Amino acid sequence: MCAQLSDFSSTPYAPLNPKDDFRKVVSRYLYHWPLYIAFFAISLVCLFFYSKFTAPVYTIKASIIIKDEVKEPGFKSQLEQLEVYNTPNLAEDELEKLKSRTLMTQVVKDLHLQVSYFVKDNFKTLELYNNSPVNFHMYNLPGDDTTGILRIKIKNRKVFQIEEPSGQAKEFLFGQNLTSLKLGTYTISPAAGYDNFSKKQITIVVNSYNNTVDGYQDALVAELPNKLVPVIELSIKDQIPERGKTILNHLIELYNQNNLDEKNQLTEKALNFINSRIASFSGTLTSSEIAVQNYRKSEGIADMSSQSKIYLENEQSNDSKLNDVNVQLSIINGISKYLVSSQNIQMVSASLGPNYPALNDLIEKLSQLDLQREKMLANTPEGNPAFDPINRAIQSLKVEIANNIQSIKQSLLLTKSKLHDNSSNFESSIKNVPQQERELISKTREQSIREDLYTYLVQKREEIGLNYAAILPDARIVDYAYAGAPKSSRMMFGIILILIGVVLPTGIIYGRITWTNRVIDLDQVERELEIEILGEISKTYLTPSLVNFNDGCFGITEELRDLRTNLNSKRTHINKGSVIMVTSSIANEGKSFISSNLGCTFAVSGKKVIVLEMDFRKPQISKVFGMSERSPGLTDYLKGKSSIEDIIQVSEHDNNLHVISSGMFVNNPSELLQSASMDILFTFLLKNYDDIIVDTPPVNLVTDAKLIARFADITLYVVRQAYTYKTLLPFIKSLYKKNLFSNMHIVFNGVDRKQYGYDYSDNYYSRVKRGNNLMLKTNMMQFFSRF
């Protein structure tokens, strides 16, 4: 039935539409579905073990509000205007303090975070925090990079065992001082609940301080969500939520304590400075009071006259102003000395007061930079380039302060000069009063000056003392540390694994296809060769290699019929036999398979066909048709040992199909192919057969095919999918451009439609309509050729 079907044909293969291209790509990858299944199964196994043995991670959060004087200037109290410790707290600066290494180092040491305890629970290792059955204490640490691992077992409430690297276990008493090269001197003591861990192995891991601090410092996140509101949000991720909460709460506690200590230190320095001044004035004030009292008694003066009182009051007022100017000059001179010394500037300027706001602001900035530099010196060598910006800023501020001080000093000196002039005038007026009153005025004046200075210093001391008692932390806790719901990365890990299960095999397949040096796509052949593709032949594992044209209408049988139809359209003469030469670049590309099955295809259509086995070096046709190797063949004829009629054999598959085998092996086939007997042979065959199919050796190996090409009307050049090298395509193209073979066309052989994304049904039926049109054209040519 199949043999009676019309011959379908196709024109040169048109490119597939985008939908077909997509289907082709998907089909190509789906062919390797076992690889996807394998990777997907591996991903599921990895996800199972990840979920089983990976603990969830908690995000612990806390928030504090910073007293930010720069953003809230209206809330400054009168005590803050004493300028003893009132440096503005910028929330951005406090953010850096909270993230500082110094603070985190103290947290690690206080909470002993460098020591971890683990116990095995079946196949899972659990970390113990706050419920460890033992406590590990180290003394005389070898260094901050000390690390070590101890494996112990509790025998009873007094004895435990340490497993040595050799596997032996030694017993020790709880509380006993032990020594190790790595850990120094240490003790292990029992904790509550130790009896629950009896006979279980407990692993004590001692990490270095530096690595532990680095780890927690990197894990700590401090953010200022809204710069208009000085609220700092702290967060840290930990597998143990209680530990994370303890770390954040202790960090805030240390931060507040450090700020309080810093303010208290500055305040104490200011109080000590004022107390020393008060002590120096206390004795002189007492002596002045006694001198006035004794003079009154000795001279019998009860009181001064009203005129003398006026002189004295004016003199005292002038002296008070002059004394105030001297105090200010003394403070200014102290600040000037600071600029060339290491003295604390805020202690010197504690009594400066709010009279010079510009100078106070500069001093505050300089004090902040000094404190910042001191903190940096705790962790960084002074010669480090990181100090360059802050050193330049300090130097610039000192120059600005020096200029400001010079201006203030000139103003104070001018005021002092005027007050001295006033004092001289008052003294000349006092000279006019009686001698006794004049002496009393002088002594009373000295007493008043000292009393005013003493009163001023006592007042300042009381104000600073009240402020010292009222010091509050800069940070108020908005939310104590709390742990949110655990955010497991299982889902993300699962998605990643699934993607890997898809992407990795896809990448492997893509790389295999992209980086292969073999021809895969028909499109590539058409694009690079620019030669018409006359047919596609599917990959087959037939044994023997002949196709049975009575077993089905589709598949490889229809592809061979399609090739036959296309060949008919390429004939240069209709009523005369044609010589069809089949060749390839290298061996095993399927040219013998194409030759033998193409002969069968023409034979079942009613044509008389003969197949010539002219690959003398590696003959395959005789094996395909099951012919005896002893039968005479072409070499026998070319050597004159047999006639043409003797070498022609009828195939048992079809009476219309005849075969000439290669004959006996010869060493000089090229010379035989150039003999006159070849012309006689082909002249005879063209007269007696409709089609002559010649199976030749590979072109890239020997020259035989080029010698036979002079007899060929059509040349079928076989390219095998996933076998022919891409590097051979330029060679094939050069043969075509040089016109070494007549009417050359390509046959794409060994096509694996499933593996490389070819859909046979779509490929076949999409060509049916084009095949019918071409068949009509061929029939019309045959009809008009009769006339």
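The values are calculated or read from the model by the stated rules, or taken from the named source; none is laboratory data. Note that this is a predicted model, so its numbers are computed, not measured. Here the Cβ is made from the backbone with ideal geometry for all residues, glycine too, and neighbour counts use every protein chain on show. Areas reflect the complete protein model, heavy atoms only, side chains present, ligands, DNA and RNA absent. Shrake-Rupley method; radii C 1.70, N 1.55, O 1.52, S 1.80 Å.
Filter segment 25-34 for residues that are in contact with a Phe, Trp or Tyr (Cβ under 9 Å, 6 or more places away or on another chain) and part of a helix (DSSP H, G or I) and give the result. Once the filter is applied, which keeps residues that are in contact with a Phe, Trp or Tyr (Cβ under 9 Å, 6 or more places away or on another chain) and part of a helix (DSSP H, G or I), segment 25-34 yields SER27, ARG28, TYR29, LEU30. Any residue at all in segment 131-142 that is over 15 Å from ILE204 (Cβ atoms), outside any strand (DSSP E or B) and open to solvent by less than 60 Å² (accessible area, probe 1.4 Å)? Checking segment 131-142: not a single residue is over 15 Å from ILE204 (Cβ atoms), outside any strand (DSSP E or B) and open to solvent by less than 60 Å² (accessible area, probe 1.4 Å). The residue that is nearest to the chain's Cα centre (by Cα), counting only those in segment 185-207 that are more than 16 Å from MET138 (Cβ to Cβ) and assigned to a strand (DSSP E or B), is THR203.
Candidates in segment 248-268 are the residues that are at pLDDT below 75 and open to solvent by 60 Å² or more (accessible area, probe 1.4 Å); of these, the one that is farthest from VAL108 (Cα to Cα) is GLU268. Of all the criteria given as (1) out of contact with any Asp or Glu (no Cβ under 8 Å at 6 or more places or on another chain); (2) under 23 Å from MET138 (Cβ atoms); (3) open to solvent by 30 Å² or more (accessible area, probe 1.4 Å), the one not satisfied by ASP218 is (2).
For segment 663-697, the set of residues classified as assigned to a loop (DSSP other than H, G, I, E, B), of a type outside the set (A, V, I, L, M, F, W, C) and open to solvent by 10 Å² or more (accessible area, probe 1.4 Å) consists of GLY663, ASN667, ASN668, GLN674, SER675, TYR689, ASP690, listed by residue number. TYR338 meets all of the listed conditions (1) under 20 Å from GLU463 (Cβ atoms); (2) open to solvent by less than 50 Å² (accessible area, probe 1.4 Å); (3) at pLDDT below 75; (4) not aliphatic (A, V, I, L, M) but one, namely (1).
Restricted to segment 626-661, and to residues there that are open to solvent by less than 60 Å² (accessible area, probe 1.4 Å) and charged (D, E, K, R), the residue that is nearest to the chain's Cα centre (by Cα) is ASP654.
Can you say whether ILE274 is of a type in the set (A, V, I, L, M, F, W, C) and out of contact with any helix residue (DSSP H, G or I) (no Cβ under 6 Å at 6 or more places or on another chain), as far as the supplied structure shows? No; evaluated as a whole, the condition is false for this residue. Restricting PRO230, PRO165, PRO241, PRO225 to residues that are farther than 22 Å from LEU128 by Cα, of a type outside the set (Gly, Ala, Ser) and in contact (Cβ under 8 Å) with a residue 60 or more places away in the chain narrows the list to PRO230.
Residues of segment 131-176 that are aromatic (Phe, Trp, Tyr) and either touching a Lys or Arg at 6+ places or on another chain (Cβ under 9 Å) or at pLDDT 85 or above (or both): PHE136, PHE160, PHE172, PHE174. In segment 416-452, which residues are at pLDDT 70 or above and in contact with a Lys or Arg (Cβ under 8 Å, 6 or more places away or on another chain)? Answer for segment 416-452, where residues must be at pLDDT 70 or above and in contact with a Lys or Arg (Cβ under 8 Å, 6 or more places away or on another chain): just LEU419. Out of segment 731-745, which residues are open to solvent by 50 Å² or more (accessible area, probe 1.4 Å), without any contact (Cβ under 8 Å) to a residue 24 or more places away in the chain and at negative phi? Within segment 731-745, LYS737, LYS738 meet the criteria. In segment 702-731, of all residues being part of a loop (DSSP other than H, G, I, E, B) and of a type in the set (Gly, Ala, Ser), the one that is farthest from GLY535 (Cα to Cα) corresponds to ALA712.
When every residue of segment 533-547 is checked against the conditions, none turns out to be in a helix (DSSP H, G or I) and either surrounded by 17 or more Cβ atoms within 10 Å (Cβ to Cβ) or among the aromatic types (Phe, Trp, Tyr) (or both). The test for being outside any loop (DSSP other than H, G, I, E, B), modelled with pLDDT of 90 or more, of a type outside the set (Val, Ile, Thr) and farther than 18 Å from LEU567 by Cβ holds for SER734. Within segment 375-396, residues that are small (Gly, Ala, Ser) and open to solvent by less than 90 Å² (accessible area, probe 1.4 Å) have Cβ atoms under 8 Å from residues that are modelled with pLDDT under 85 and not in a loop (DSSP other than H, G, I, E, B) in these pairs: ALA386/MET376; ALA393/LEU369, counting only partners at least 6 apart in sequence or on another chain.
Select, from LYS576, LYS623, LYS607, the only residue that is in a helix (DSSP H, G or I) and surrounded by fewer than 19 Cβ atoms within 10 Å (Cβ to Cβ). From the options LYS576, LYS623, LYS607, the qualifying one is LYS623.
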